[in-house]
Amino acid sequence: MAATERALELTQAAAEAAVAKLASDPVAFDVSDQLAITDVFLVLTAQNERQVETVVDAIEERLRELGERPTRREGQRENRWVLLDYLDIVVHVQHVEERVLYSLERIWGDCPQLPLALDERR
């Protein structure tokens, strides 16, 4: 089973919104074969707590335009690692230190990585 078209659409939109706010190192994994609860994990890095908040706000605004609201949001009080659960996708916006410490790429590295069409020029 592969990620749905809707999950891929939401992933692309969330990644674009995040990169527009200077999030870095976007990586998307198709976890649909491993997890029954979601299709895609999108992982992004922000340089500080304020940027984590800015990136999260941009993602929520963009996905709201597509008719989506997160069913669950965690970590926003500390803004070190914010998780946005949209059922089809789960977005992880991590402070650079949490990204290195928890290394989600290592944990989910066996899952197929999804291509993201992003403007890297910023």
- What number, rounded to the nearest 500 deg cm²/dmol, is the helix-based mean residue ellipticity at 222 nm of the chain, given -39500 (n - 2.57) per DSSP H run of at least four residues and division by all its residues? -11000 deg cm²/dmol
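First measure r as the distance between the Cβ atoms of Tyr102 and Arg6, then evaluate 1/(1 + (r/R0)^6) with R0 = 41 Å and state the FRET efficiency to the nearest 0.05.
Step by step, r from the Cβ atoms, then E = 0.90.
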- Note on the structure: Of every hundred units of 1.4 Å-probe accessible area on the chain, the number belonging to carbon and sulfur atoms, as a percent, is 48 percent
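Sorting check: for 3-10, 23-30, which peptide has the highest mean count of neighbouring beta carbons within 10 Å, and how do the rest follow?
23-30, 3-10
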- Note on the structure: Expressed per residue, the solvent accessible area of the chain in Å² (1.4 Å probe) is about 55 Å²
- Query: Where in region 10-47 is the amide nitrogen less than 17 Å from a point lying 7 Å along the Cα-to-Cβ axis of Arg72?
  - Reply: 31-32, 34-43
- Query: For region 66-73, what does the Karplus curve 6.51 cos²θ - 1.76 cosθ + 1.60, with θ = phi - 60°, yield as ³J(HN,Hα) per residue in whole Hz, taken in order and with x for Gly and Pro?
  - Reply: 8, x, 10, 10, x, 7, 8, 9
- Item | Centre separation in Å (Cα based) which lies between region 51-79 and region 1-30 | 13 Å
- Note on the structure: With +1 at each Lys and Arg Cβ and -1 at each Asp and Glu Cβ, the charge dipole magnitude of region 1-75 around its Cα centre, to the nearest 20 debye, comes out at 180 debye
- Item | Whole-Hz ³J(HN,Hα) from phi, Karplus 6.51 cos²θ - 1.76 cosθ + 1.60, for region 82-90, glycine and proline x | 9, 10, 10, 9, 9, 6, 5, 9, 10
- If eta is 0.890 mPa s and T is 25 °C, what Stokes-Einstein diffusion coefficient results for region 34-122, Kirkwood Rh from Cα pairs, in µm²/s? 178 µm²/s
- Note on the structure: Among beta bridges assigned by DSSP with both residues in the chain, the antiparallel ones amount in percent, to the nearest 5, to 70 percent
- Length-normalised contact order of region 20-74, Cα under 8 Å, at least 6 apart, in percent, tallies to 30 percent
- Output ³J(HN,Hα) for region 48-65: one whole-Hz value per residue in order, computed from phi by the Karplus curve 6.51 cos²θ - 1.76 cosθ + 1.60 with θ = phi - 60°, and x for Gly and Pro. 7, 4, 5, 5, 4, 4, 5, 5, 4, 4, 5, 5, 4, 4, 5, 6, 5, 4
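The values are calculated or read from the model by the stated rules, or taken from the named source; none is laboratory data. Since we're looking at a predicted model, the values are computed, not measured. No Cβ is skipped: glycine too gets one built from the backbone with ideal geometry, and neighbour counts run over all protein chains shown. The protein model used for the area step is the full one, side chains on, heavy atoms only, and it has no ligands, DNA or RNA in it. Shrake-Rupley method; radii C 1.70, N 1.55, O 1.52, S 1.80 Å.
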